[in-house]
Structures are given as C-alpha cells and as structure tokens.
Amino acid sequence: GMRLEAGKKEYLNVLQSGDLQFGGTQEFTIELWAKPEPVAAEQRGAVLVSKYNRGKWGQYFVRLQADGGDDAKSQGMSQNLHVFFHREVAPWGHKSDSTVPTGYFSHIAVTYAKGYSSIYINGSLSGWQKEGAQDDNPETEVMLGAMLEKGAPIDFFSGVIDEVRMWRVARTQEQLRDSMHLALSGMETGLVAYWQFDDCLGGRAREKSGTSGHDAVQRGGEWVPSPVKFRSYQESFGCIDSHCV
C-alpha cells in the first residue's frame, strides 16, 4: 500500500491519463481499499481519486468527508467519514448513507450506469442518485490522494490506499463483492487502469492493466505493508481460465 500525509501535501499523479475519462453516459467503476485518518469537521474532504480541476475543468472525484457533510460547522476531527462521489453534472454529487471508520481498511467503490450513480462500501450499496450525461475531459490529469483547484493540488488524503482499479464498465454489487479480495491479472474485460501498490520501492506505482503508460508518480508518500489479503485466480478457481498467472 501507499501511505500519504495531508500535512505534507503528498499525492500521486497518473501519467498519460487523458484517456481515463468517462464522458457522456459512459459506464464506469472506480474501486479501491483505503485506511483513512480522521478528517476535520470543517474541511471540505480528503480526496481518494480525481480527474478534476476546480475553477477550470473537471469530470469526477471520490472523496471522504466528515460525518455531517460539506456544511459541518462543529470543531474537532471526525472518526466516521462519508464517501462523496461527484460527476460533473447536476445535482453535483452525493454522499453515502453509511460511513467508513478511520484507522481501518474499507473497500470503497463508485459506479455509473444507465443514468444512475452509486456508492458501495464493503460490497453493500450505500447511496445512489439519478444523473445525466457529462462532458468529455481529456485535459485534466488523474490524481490519487488529491485533486486540483486552478492547477494546484488541494484536499489531500491522509492514510493508506491500496489496490486501485478503474473499469470502463459498471461492476455489479455481486462482482464487487466477489473480486474485492481477488488479485487481478490485468487482462480482465473492461479494466482500464490497475494499481496494486505492491511495488514496495521506487518512486512510482506501476499500472498493471497493459501498455497504457498510466504509472502513478509519487509526490511524497511511503510504501507500507497492507494487511488486506488478496487471493490469486489459481487459489480461488484452480486456474480454470485464461486470467490465471
């Protein structure tokens, strides 16, 4: 996994990520494991994944925010965080019904399909809303652990992220549950970006879905062991299909 500290303004930016866009009504899924640290109640949130440049151009972001929402006025640090999923179209995002705890790993997934965006926490549906088409956005880069505002990184994430996946298909609840502990081969249908965060050294997280060139370059952060266990295809299925490696 990769540990990031908001106080040090640490994040990763994804190379050649112009094509990691989902314009119009394109179906997609973003999923990952995260172990967040507390977020101040007055903060806007801590971004996990983004392709968004506030004040200029954007398409999507996924963030964690203090229990109580964007307008929370109470002081202190929130130990329970909502997932907020934004696509660049009215009604401009929505938050999960349930929360994820700080200090523990949770599986977080967002999807868009057939006019509805959905949020899943640990394989359970935790919010959805109706949304229309959004514009293309080839310009803005994809970032892990932050987003942009007028070209400058903001809303940094503190904690550990692991096993980040992007799909150009909407994964079903059953598929999310079945594969959240499965180590992918990178050849899965619809998979467009996959960072396992098991490199353990070096200044980038290698992207493992093929020849996309979407490595994630570290802007700080440190490699850490992750307690989340992942099974191989062989362990799960006895190597019965072409994904087995």
For the stretch 100-116, indicate whether the set of residues that are open to solvent by 10 Å² or more (accessible area, probe 1.4 Å), in a strand (DSSP E or B), hydroxyl-bearing (Ser, Thr, Tyr) and touching an Asp or Glu at 6+ places or on another chain (Cβ under 6 Å) is non-empty.
no
Does Glu174 meet the test of being within 24 Å of Asn13 (Cα to Cα), at pLDDT 95 or above and surrounded by fewer than 16 Cβ atoms within 10 Å (Cβ to Cβ)?
no
Of the criteria (1) under 26 Å from Gly18 (Cβ atoms); (2) surrounded by 15 or more Cβ atoms within 10 Å (Cβ to Cβ); (3) in contact with a Ser or Thr (Cβ under 7 Å, 6 or more places away or on another chain); (4) among the hydrophobic types (A, V, I, L, M, F, W, C), which one Val164 fails:
(3)
Any residue that is assigned to a strand (DSSP E or B) and of a type in the set (Lys, Arg) - is there at least one of those in the stretch 120-139?
yes
Identity of the residue in the stretch 1-36, of a type in the set (Lys, Arg) and at negative phi, that ends up most open to solvent (accessible area, probe 1.4 Å)
Lys8
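The rows are residues; the columns are (1) over 24 Å from Gly115 (Cβ atoms); (2) over 17 Å from the mean Cα position of the chain (by Cα); (3) crowded, with 22+ Cβ neighbours inside 10 Å; (4) modelled with pLDDT of 95 or more.
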| residue | (1), (2), (3), (4) |
| --- | --- |
| Pro38 | yes, yes, no, no |
| Ala41 | yes, yes, no, no |
| Gly45 | yes, no, yes, no |
| Phe61 | no, no, yes, yes |
| Met77 | yes, yes, no, no |
| His82 | no, no, yes, yes |
| Val89 | no, yes, no, yes |
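The values are calculated or read from the model by the stated rules, or taken from the named source; none is laboratory data. The shown structure was predicted, so the numbers you read here are calculated from the model rather than taken from an experiment. Ideal geometry is used to build each Cβ from the backbone, glycine not excepted, and the neighbour counts take in all protein chains shown. The area values use the complete protein model at the heavy-atom level, side chains included, leaving out ligands, DNA and RNA. Shrake-Rupley method; radii C 1.70, N 1.55, O 1.52, S 1.80 Å.
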